[in-house]
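The values are calculated or read from the model by the stated rules, or taken from the named source; none is laboratory data. Everything numeric in this text was worked out from a predicted model, so none of it was measured. Here the Cβ positions follow ideal geometry from the backbone for every residue, glycine too, while neighbour counts run over all protein chains shown.
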Amino acid sequence: MLVEHRNGFLCVRVGGHLDEAESARLSGLAIAALAAARRRANSQGPTWTRGLRRSANGAPADVVTRGKQSLGGVSRLYHRSVIEPFIPLPQHFRRASRLHGQSHVARVMVHALRLIEATGWQDEAARLWASVYLHDLERTHDGRCHRHGADAVARWRTQEALRLHIYAGGVDQDDRPAVELAVTLHCQPDTEMPPATHPHWRLVALLKDADGLDRVRLGDLDLSMLRLPESRTMAVFAQQLYDATHDIVPDGDDHFADVTEIAQQLLSA
(Lines give C-alpha, C1' and ligand atoms only; values in the text may rest on other atoms or scores of the structure.)
Protein backbone atom coordinates (compact mmCIF):
# COMPACT_ATOMS: atom_id res chain seq x y z
CA MET A 1 0.00 0.00 0.00
CA LEU A 2 1.32 3.43 -0.97
CA VAL A 3 -0.02 6.92 -0.59
CA GLU A 4 -0.46 9.52 -3.26
CA HIS A 5 -0.27 13.29 -2.86
CA ARG A 6 -3.48 14.79 -4.18
CA ASN A 7 -4.59 18.38 -3.67
CA GLY A 8 -2.36 18.84 -0.68
CA PHE A 9 -3.40 15.65 1.12
CA LEU A 10 -1.82 12.21 1.05
CA CYS A 11 -4.31 9.55 -0.05
CA VAL A 12 -3.96 5.76 0.11
CA ARG A 13 -3.25 3.97 -3.12
CA VAL A 14 -2.87 0.20 -3.46
CA GLY A 15 -0.18 -1.22 -5.73
CA GLY A 16 2.77 0.39 -7.46
CA HIS A 17 6.36 0.47 -6.26
CA LEU A 18 8.99 2.83 -4.95
CA ASP A 19 12.24 3.24 -6.85
CA GLU A 20 15.60 3.72 -5.13
CA ALA A 21 15.30 7.50 -4.96
CA GLU A 22 11.82 7.29 -3.48
CA SER A 23 12.88 4.80 -0.83
CA ALA A 24 15.97 6.76 0.20
CA ARG A 25 16.07 7.70 3.86
CA LEU A 26 16.41 11.46 4.12
CA SER A 27 16.94 13.03 7.50
CA GLY A 28 15.36 16.24 8.71
CA LEU A 29 18.83 17.77 8.50
CA ALA A 30 18.37 17.79 4.71
CA ILE A 31 14.99 19.52 4.65
CA ALA A 32 16.23 22.79 3.17
CA ALA A 33 18.41 21.11 0.58
CA LEU A 34 15.51 18.80 -0.24
CA ALA A 35 13.33 21.82 -0.92
CA ALA A 36 15.83 23.22 -3.39
CA ALA A 37 16.21 19.82 -5.05
CA ARG A 38 12.45 19.53 -5.39
CA ARG A 39 12.26 22.83 -7.21
CA ARG A 40 15.17 21.98 -9.51
CA ALA A 41 13.75 18.57 -10.33
CA ASN A 42 10.33 20.03 -11.21
CA SER A 43 9.02 16.48 -11.14
CA GLN A 44 5.78 15.56 -12.89
CA GLY A 45 3.02 13.19 -11.83
CA PRO A 46 2.11 11.97 -8.35
CA THR A 47 4.23 12.58 -5.31
CA TRP A 48 4.93 9.51 -3.21
CA THR A 49 5.87 9.03 0.41
CA ARG A 50 5.82 6.27 2.98
CA GLY A 51 6.02 8.46 6.04
CA LEU A 52 8.23 10.62 8.20
CA ARG A 53 9.46 8.06 10.66
CA ARG A 54 9.29 4.42 9.65
CA SER A 55 11.47 2.76 7.02
CA ALA A 56 12.88 -0.61 6.00
CA ASN A 57 16.63 -0.04 5.79
CA GLY A 58 16.38 2.69 3.18
CA ALA A 59 19.45 3.86 1.29
CA PRO A 60 21.38 6.83 2.72
CA ALA A 61 20.40 10.30 1.66
CA ASP A 62 22.10 11.82 -1.36
CA VAL A 63 21.38 15.40 -0.29
CA VAL A 64 23.96 17.28 1.74
CA THR A 65 22.99 20.30 3.83
CA ARG A 66 25.67 22.97 3.82
CA GLY A 67 26.27 25.70 6.36
CA LYS A 68 27.11 26.13 10.01
CA GLN A 69 23.74 24.87 11.19
CA SER A 70 20.87 22.92 9.74
CA LEU A 71 17.12 22.58 10.14
CA GLY A 72 16.59 20.07 12.90
CA GLY A 73 14.52 16.98 13.36
CA VAL A 74 15.35 13.53 12.14
CA SER A 75 12.39 12.82 9.91
CA ARG A 76 12.36 10.17 7.21
CA LEU A 77 11.23 11.27 3.79
CA TYR A 78 10.96 9.11 0.70
CA HIS A 79 10.59 11.47 -2.23
CA ARG A 80 12.19 14.80 -2.94
CA SER A 81 8.89 16.57 -3.49
CA VAL A 82 7.26 15.30 -0.29
CA ILE A 83 8.03 18.66 1.30
CA GLU A 84 4.87 20.10 -0.27
CA PRO A 85 2.42 18.33 2.10
CA PHE A 86 4.53 19.13 5.17
CA ILE A 87 2.13 21.95 6.13
CA PRO A 88 -1.54 22.64 5.36
CA LEU A 89 -2.49 24.59 2.26
CA PRO A 90 -4.46 27.83 2.77
CA GLN A 91 -7.76 26.15 1.86
CA HIS A 92 -7.33 23.59 4.65
CA PHE A 93 -7.75 26.18 7.39
CA ARG A 94 -11.19 26.82 8.84
CA ARG A 95 -10.56 30.56 8.50
CA ALA A 96 -8.01 32.53 6.50
CA SER A 97 -5.63 34.38 8.81
CA ARG A 98 -2.38 36.30 8.53
CA LEU A 99 -1.63 35.56 12.19
CA HIS A 100 -2.55 31.88 12.43
CA GLY A 101 -2.56 30.66 8.83
CA GLN A 102 -0.09 28.90 6.57
CA SER A 103 2.83 31.27 7.14
CA HIS A 104 2.57 30.88 10.93
CA VAL A 105 2.42 27.08 10.68
CA ALA A 106 5.43 27.06 8.34
CA ARG A 107 7.56 28.97 10.83
CA VAL A 108 6.36 26.82 13.72
CA MET A 109 7.30 23.73 11.71
CA VAL A 110 10.82 25.09 11.19
CA HIS A 111 11.12 25.75 14.94
CA ALA A 112 9.79 22.26 15.64
CA LEU A 113 12.37 20.63 13.38
CA ARG A 114 15.16 22.59 15.04
CA LEU A 115 13.92 21.64 18.50
CA ILE A 116 13.91 17.95 17.60
CA GLU A 117 17.56 18.26 16.63
CA ALA A 118 18.50 20.42 19.63
CA THR A 119 16.84 18.15 22.19
CA GLY A 120 17.79 14.86 20.55
CA TRP A 121 14.19 13.66 20.89
CA GLN A 122 14.05 12.11 17.43
CA ASP A 123 11.39 9.65 18.51
CA GLU A 124 8.97 12.59 18.78
CA ALA A 125 9.57 13.75 15.18
CA ALA A 126 6.49 12.27 13.49
CA ARG A 127 4.20 13.10 16.39
CA LEU A 128 5.48 16.67 16.52
CA TRP A 129 5.05 17.09 12.76
CA ALA A 130 1.43 15.94 13.06
CA SER A 131 0.81 18.18 16.07
CA VAL A 132 2.16 21.28 14.32
CA TYR A 133 0.20 20.44 11.17
CA LEU A 134 -3.07 20.17 13.08
CA HIS A 135 -2.76 22.78 15.81
CA ASP A 136 -4.40 25.86 14.21
CA LEU A 137 -6.57 24.29 11.49
CA GLU A 138 -9.79 24.99 13.38
CA ARG A 139 -9.21 28.56 14.56
CA THR A 140 -12.25 30.72 13.88
CA HIS A 141 -10.73 34.05 15.03
CA ASP A 142 -7.35 35.55 15.95
CA GLY A 143 -8.13 36.34 19.58
CA ARG A 144 -7.46 34.32 22.72
CA CYS A 145 -9.02 30.90 22.26
CA HIS A 146 -8.77 27.79 24.40
CA ARG A 147 -10.87 25.42 22.29
CA HIS A 148 -9.47 25.39 18.75
CA GLY A 149 -6.96 22.66 19.64
CA ALA A 150 -9.74 20.33 20.73
CA ASP A 151 -11.69 21.30 17.61
CA ALA A 152 -8.70 20.35 15.43
CA VAL A 153 -8.53 16.97 17.17
CA ALA A 154 -12.24 16.44 16.47
CA ARG A 155 -11.68 17.26 12.80
CA TRP A 156 -8.77 14.78 12.65
CA ARG A 157 -11.04 12.09 14.04
CA THR A 158 -13.85 12.71 11.56
CA GLN A 159 -12.30 13.95 8.29
CA GLU A 160 -11.04 10.99 6.30
CA ALA A 161 -8.62 12.87 4.03
CA LEU A 162 -6.99 14.58 7.00
CA ARG A 163 -6.83 11.32 8.95
CA LEU A 164 -5.12 9.52 6.06
CA HIS A 165 -2.71 12.41 5.57
CA ILE A 166 -1.55 12.27 9.17
CA TYR A 167 -1.27 8.47 9.14
CA ALA A 168 0.70 8.65 5.90
CA GLY A 169 3.16 10.90 7.70
CA GLY A 170 4.19 8.09 10.03
CA VAL A 171 1.68 8.58 12.85
CA ASP A 172 -0.28 5.49 13.87
CA GLN A 173 -2.99 4.60 16.37
CA ASP A 174 -0.49 4.27 19.20
CA ASP A 175 0.55 7.90 18.64
CA ARG A 176 -2.97 9.31 18.79
CA PRO A 177 -3.17 9.93 22.56
CA ALA A 178 0.07 11.95 22.53
CA VAL A 179 -0.84 14.01 19.47
CA GLU A 180 -4.39 14.63 20.67
CA LEU A 181 -3.15 15.78 24.07
CA ALA A 182 -0.50 18.09 22.61
CA VAL A 183 -2.87 19.69 20.10
CA THR A 184 -5.61 20.09 22.70
CA LEU A 185 -3.28 21.65 25.29
CA HIS A 186 -1.28 23.91 22.99
CA CYS A 187 -3.86 26.69 23.45
CA GLN A 188 -4.52 25.99 27.12
CA PRO A 189 -2.77 27.78 30.01
CA ASP A 190 0.24 26.05 31.53
CA THR A 191 -1.83 25.16 34.57
CA GLU A 192 -3.23 22.42 32.33
CA MET A 193 0.23 21.06 31.43
CA PRO A 194 0.86 17.47 32.47
CA PRO A 195 3.69 16.90 34.96
CA ALA A 196 7.20 16.40 33.58
CA THR A 197 6.91 12.72 34.48
CA HIS A 198 3.93 12.29 32.13
CA PRO A 199 4.76 10.15 29.05
CA HIS A 200 3.50 12.88 26.69
CA TRP A 201 5.04 15.89 28.44
CA ARG A 202 7.90 16.15 25.94
CA LEU A 203 5.55 16.40 22.96
CA VAL A 204 3.33 18.97 24.66
CA ALA A 205 6.38 21.06 25.59
CA LEU A 206 7.85 20.81 22.08
CA LEU A 207 4.63 21.99 20.43
CA LYS A 208 4.02 24.78 22.93
CA ASP A 209 7.58 26.07 22.56
CA ALA A 210 7.68 25.82 18.76
CA ASP A 211 4.37 27.70 18.64
CA GLY A 212 5.55 30.13 21.29
CA LEU A 213 8.71 31.07 19.38
CA ASP A 214 6.54 32.55 16.65
CA ARG A 215 5.06 34.99 19.17
CA VAL A 216 7.74 37.31 17.81
CA ARG A 217 5.10 38.16 15.21
CA LEU A 218 2.98 39.60 18.03
CA GLY A 219 5.90 41.37 19.71
CA ASP A 220 5.33 39.63 23.05
CA LEU A 221 7.67 36.62 23.15
CA ASP A 222 8.57 36.01 26.81
CA LEU A 223 11.55 33.65 27.11
CA SER A 224 10.60 32.81 30.68
CA MET A 225 7.40 31.23 29.36
CA LEU A 226 9.28 28.73 27.20
CA ARG A 227 9.62 25.32 28.77
CA LEU A 228 12.81 23.97 27.21
CA PRO A 229 16.27 25.53 27.60
CA GLU A 230 16.94 24.78 23.94
CA SER A 231 13.98 26.95 22.95
CA ARG A 232 15.38 29.98 24.79
CA THR A 233 18.42 29.98 22.51
CA MET A 234 16.27 30.34 19.38
CA ALA A 235 14.58 33.72 19.93
CA VAL A 236 16.94 35.69 17.68
CA PHE A 237 16.50 33.19 14.86
CA ALA A 238 12.71 33.27 15.34
CA GLN A 239 12.70 37.05 14.85
CA GLN A 240 14.98 36.78 11.82
CA LEU A 241 12.78 34.12 10.23
CA TYR A 242 9.66 36.19 10.76
CA ASP A 243 11.27 39.35 9.38
CA ALA A 244 12.54 37.49 6.30
CA THR A 245 9.27 35.72 5.44
CA HIS A 246 6.24 37.64 6.75
CA ASP A 247 4.34 39.28 3.88
CA ILE A 248 7.26 38.30 1.62
CA VAL A 249 6.78 34.60 0.90
CA PRO A 250 3.41 34.04 -0.82
CA ASP A 251 1.02 31.40 0.47
CA GLY A 252 0.47 28.30 -1.62
CA ASP A 253 1.97 24.96 -2.59
CA ASP A 254 5.57 26.20 -2.44
CA HIS A 255 5.30 28.17 0.79
CA PHE A 256 7.10 25.73 3.08
CA ALA A 257 9.81 25.04 0.51
CA ASP A 258 10.46 28.78 0.26
CA VAL A 259 10.45 29.28 4.03
CA THR A 260 12.87 26.41 4.63
CA GLU A 261 15.28 27.76 2.03
CA ILE A 262 15.24 31.16 3.74
CA ALA A 263 15.69 29.48 7.14
CA GLN A 264 18.70 27.59 5.88
CA GLN A 265 20.23 30.78 4.52
CA LEU A 266 19.77 32.44 7.91
CA LEU A 267 21.33 29.49 9.73
CA SER A 268 24.25 29.37 7.31
CA ALA A 269 25.07 33.07 7.56
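Observations on the model:
- Within the range 96-110, residues that are among the polar types (S, T, N, Q) and surrounded by fewer than 24 Cβ atoms within 10 Å (Cβ to Cβ) have Cβ atoms under 8 Å from residues that are at pLDDT 90 or above and in a helix (DSSP H, G or I) in these pairs: S97/H104, counting only partners at least 6 apart in sequence or on another chain.
- Residue within the range 254-266 that is over 25 Å from H146 (Cα atoms), in contact with a helix residue (DSSP H, G or I) (Cβ under 9 Å, 6 or more places away or on another chain) and surrounded by fewer than 16 Cβ atoms within 10 Å (Cβ to Cβ) present: yes
- Pairing each residue of the range 159-187 that is more than 15 Å from H135 (Cβ to Cβ) with any residue that is hydrophobic (A, V, I, L, M, F, W, C) and exposed (fewer than 15 other Cβ atoms within 10 Å of the Cβ), provided the two are 6+ apart or on different chains, yields C-beta distances under 7 Å for L164/V12.
- For the range 163-177, residues that are in a helix (DSSP H, G or I) and of a type in the set (G, A, S) total 1.
- Here is the figure for the range 117-147: residues that are farther than 15 Å from V179 by Cβ and in a helix (DSSP H, G or I) total 4.
- Condition check for V259 on (1) within 16 Å of L115 (Cα to Cα); (2) touching a residue at least 12 places away in the same chain (Cβ under 8 Å); (3) of a type in the set (V, I, T): one failure, at (1).
- Among the residues making up the range 226-243, those that are out of contact with any helix residue (DSSP H, G or I) (no Cβ under 7 Å at 6 or more places or on another chain) and either within 15 Å of A112 (Cβ to Cβ) or part of a helix (DSSP H, G or I) (or both) are T233, V236, D243.
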